Amino acid sequence: AIIPVILTDRSIQTADESLFSCFIGSDFYEEGRMAADWLAKHTGGKGRIVELQGTVGSAPANERRKAFAEGIAKYPGLKIVDAQSGDFRRANGKEVMESLLKKHGRNIDIVYAHNDDMALGAIQAIEEAGQKPGKDIVIVSIDAIKEAIQAVVDGKINCTVECNPLFGPKVYDTVAKLLAGEKVPKKLFNKDELFDHTNAAGAIASRQY
């Protein structure tokens, strides 16, 4: 029908990429890689990891899992000892973490959560189990919502990688270019940052989400 289609936030699986003009979203793979690199650097490449995965089959869960696994593969001392889906939900993150703590006891050094909500739920479970998140167990997460950055400031999350959801301006500009007959890149990604103890406090005031 010659109607331009712009995909936002989630891509589609198709062999015919002419079906859409461009995809505007987050680089989920890069987010997972950033988390793995930070973890390797700040743990000396050693630790037993439990992974709280997002919704099974979703693009963020798939890419964040794959990139993280490939990132830590270079460090034989970093091992994923267990992985369960918490469906990107805080309550599920708490529930899964409770079961992992019962199963593994104090043999968990690191939690890698596919999003902040699950990480914040896991923190509740860790505290209720009498351990200190951020100290006894390193917490690495993705999203960088304001609440999670505050948790970094408080020392309960060690690192959160941004998943910038502010697509509006980029979508608007892309629509304008397409209407003007201009060519646009097939993929456009928002820039994501990483927040830890070095920069979290300075970022709190400017967070828009």
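Structure summary
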| quantity | calculated |
| --- | --- |
| Packing-based ranking, highest mean first, of 145-151, 201-207, 110-116 given that Cβ atoms within 10 Å are counted | 110-116, 145-151, 201-207 |
| Computed lengthening from residue 198 to residue 81, 0.36 nm per intervening residue step minus Cα-Cα distance | 39.2 nm |
| Cα centroid separation - segment 27-97 against segment 136-164, whole Å | 14 |
| Placed amide H near residue 78: partners under 5 Å, 5+ positions off or other chain | 47 |
| Most mobile listed residue (134, 105, 181) in the chain, GNM with C-alpha springs under 10 Å | 181 |
| Ellipticity estimate at 222 nm from DSSP helix runs (n ≥ 4, -39,500 (n - 2.57)) divided over the chain, nearest 500 | -12000 deg cm²/dmol |
| Cut-off 14 Å between beta-carbons: net charge of the residues surrounding residue 75, Lys and Arg +1, Asp and Glu -1 | +3 |
| Column: log10 I(q)/I(0), Debye, Cα scatterers of segment 9-71, q = 0.23, 0.28 Å⁻¹ | -0.98, -1.21 |
| Packing-based order for 79-89, 15-25, 50-60, using average beta carbon neighbours within 10 Å, highest first | 50-60, 79-89, 15-25 |
| Apportionment of accessible area to carbon and sulfur, segment 6-74, percent (1.4 Å) | 49 |
| Calculated SAXS-style log₁₀ I(q)/I(0) at q = 0.13 Å⁻¹ - segment 20-168, Debye, Cα scatterers | -0.50 |
| Cα-centre dipole for the chain with unit charges at Cβ (Lys and Arg positive, Asp and Glu negative), debye to 20 | 360 |
| Two-decimal Rg/Rh across segment 140-209, once Rg and the Kirkwood Rh are taken from alpha-carbon atoms | 1.16 |
| Solvent-accessible area per residue, Å², over segment 55-164 with all protein chains present [probe radius 1.4 Å] | 43 |
| Contact order normalised by residue count of the chain, Cα under 8 Å, 6+ apart, percent | 22 |
| Lys/Arg +1, Asp/Glu -1 at C-beta; the chain dipole; positive extreme among 67, 160, 120 | 67 |
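The values are calculated or read from the model by the stated rules, or taken from the named source; none is laboratory data. The structure presented is a predicted model; accordingly, all values stated were derived computationally and were not measured. With ideal geometry, Cβ positions are generated from the backbone for all residues, glycine too; neighbour counts draw on all protein chains shown. Note: accessible area is taken over every heavy atom of the protein model, side chains too, but ligands, DNA and RNA are not part of it. Shrake-Rupley method; radii C 1.70, N 1.55, O 1.52, S 1.80 Å.
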